[in-house]
């Protein structure tokens, strides 16, 4: 199994899970559990690898499953950095220490949940589901509401469907109405690719999304200004 890679077809699944574990067999076991639960699965095998990923994050993750010790290094040293660079990610700590004081310490440090080794696959998947229910349950602006969990969008009482990347684009814009997002930022966040590549992908998708919202009778509009970026407002 290749590490730090997508283990399934990303377009099939919307929720993205990063597993950080230094024991190869356990890493593969965890990846298999998460994959079979229907999530896009990424892996990371060392403290240094995770540290490097946080320098300039190129991917978003809904949940990060983080082993407490990575080749003897305490991964919680990176907790603050994770929260800073990946603020939307929920952190589920794996630890061989099963004590109330250990759990309290890790939760106080910023972990969203804690699971002691050994654990069953059903418990792990249940913990992931709980964390996903906590994250961005819904966003609303004007007569448009967006639910991140079931990937639904409603304009008034009518539900509309959007392709995955248009959904991510709308979610990004609607999460902070009025905030101007540079084209390069959107390209990195939605497409997760380097902005150095010449492309009109953002403009094309914004135009498609504008038409869909307008046709559905949405009271919100995507605005843009030359050399600045895009924002959404009612």
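Looking at (1) surrounded by 19 or more Cβ atoms within 10 Å (Cβ to Cβ); (2) under 14 Å from residue 19 (Cα atoms); (3) modelled with pLDDT of 90 or more, find the lone condition where residue 46 falls short.
For residue 46, the exception is condition (1).
For the stretch 31-64, give me each residue that is touching a strand residue (DSSP E or B) at 6+ places or on another chain (Cβ under 9 Å) and under 15 Å from residue 87 (Cα atoms).
Within the stretch 31-64, 53, 59, 60, 61, 62, 63, 64 qualify.
Let's see how each residue does on (1) more than 15 Å from residue 230 (Cα to Cα); (2) within 15 Å of the chain's Cα centre (by Cα); (3) surrounded by 15 or more Cβ atoms within 10 Å (Cβ to Cβ):
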{"position": "140", "(1), (2), (3)": "yes, no, no"}
{"position": "154", "(1), (2), (3)": "yes, no, yes"}
{"position": "161", "(1), (2), (3)": "yes, no, no"}
{"position": "168", "(1), (2), (3)": "no, yes, yes"}
{"position": "172", "(1), (2), (3)": "no, yes, yes"}
{"position": "179", "(1), (2), (3)": "no, no, no"}
{"position": "188", "(1), (2), (3)": "no, yes, yes"}
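Within the bounds of the stretch 122-136, is there any residue that is more than 15 Å from residue 64 (Cα to Cα) and at pLDDT below 90? So that I can check it myself, show each step before the final result.
We begin by selecting, within the stretch 122-136, every residue more than 15 Å from residue 64 (Cα to Cα); these are 122-123, 136.
Subset that is at pLDDT below 90: 136.
Scanning the stretch 122-136 turns up at least one residue that is more than 15 Å from residue 64 (Cα to Cα) and at pLDDT below 90.
The values are calculated or read from the model by the stated rules, or taken from the named source; none is laboratory data. As the structure is a computational prediction, the values presented were derived from the model and not from experiment. Because the Cβ atoms are built from the backbone with ideal geometry, glycine has one as well, and the counts that use them run over all protein chains shown.
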